[in-house]
Structure formats: structure tokens, C-alpha cells
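Okay, so here's the structure we're looking at.
No lab work stands behind these numbers, since they all come straight from the coordinates. This one's a predicted model, so the numbers in the text were calculated from it and none came from an experiment. Please note: Cβ atoms are built from the backbone with ideal geometry, for glycine as well, and neighbour counts cover all protein chains shown.
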Amino acid sequence: MAHDLSNALEIIVQTSYLLSTAELKEPASDWLGMLDSGVNKALDINQSLRSYIKAHAAR
């Protein structure tokens, strides 16, 4: 499940990056900033989740 989450987040990260290369006018540029903030939070949570799973995985 963590792998699937990472794949979904990668699509969002790449789309956010592509949008950042466009010259957006307000309020779209503000929305992109909100998207980037949410993306970074989601990436941090995903990394924490993956680290937790790795540390607690049955071997």
C-alpha cells in the first residue's frame, strides 16, 4: 500500500512541477502554492510511513 501511495504522489508531484513551469496568473498561482505546500506535507508523511514500515517489518 505504501508503494501505491508513493506512485500516486509521484503523479501529483510531477503535475505540480509542470504547472510551476507555466506562467500562471492569480489566483491560479496562489492555488499552485497551496498545492505545493500540500504535496510537501504528503511527501513527508509518506516518507515517515515508509520508514516506520521498514523499521517494523517482520523479517
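Note the listed values (1) 5.0; (2) 6.3; (3) 4.2, then indicate which one is mean projected area of the Cα convex hull in nm² calculated from this particular structure.
The value matching this structure is (3).
Of Pro27, Ser51, Leu5, which is farthest on the positive side of the dipole of the chain, counting Cα position, with +1 on Lys and Arg Cβ, -1 on Asp and Glu Cβ, and the Cα centre as origin?
Going by the charge dipole, the pick is Ser51.
Using alpha carbons only, how many degrees (0 to 90, rounded to 10) separate the axis of helix 28-56 from the longest principal axis of the chain?
10
Measure nothing but the geometry: give the 0 to 90° angle between the long axis through the Cα atoms of 2-20 and the longest principal axis through the Cα atoms of the chain, rounded to 10°.
20
For the chain, give the magnitude of the charge dipole about the Cα centre (Cβ charges: +1 Lys/Arg, -1 Asp/Glu; no others), in debye to the nearest 20. All intermediate terms of the calculation are to be shown ahead of the outcome.
Details: 5 positive and 7 negative charges, 90 e Å.
Dipole size: approximately 440 debye.
Hey, quick one: spin label on Asn46, modelled 7 Å out along Cα-Cβ, who in the range 11-26 has an amide N within reach, i.e. under 14 Å?
Taking a point 7 Å out along Cα→Cβ of Asn46, the residues of the range 11-26 whose backbone N falls under 14 Å are 11-17.
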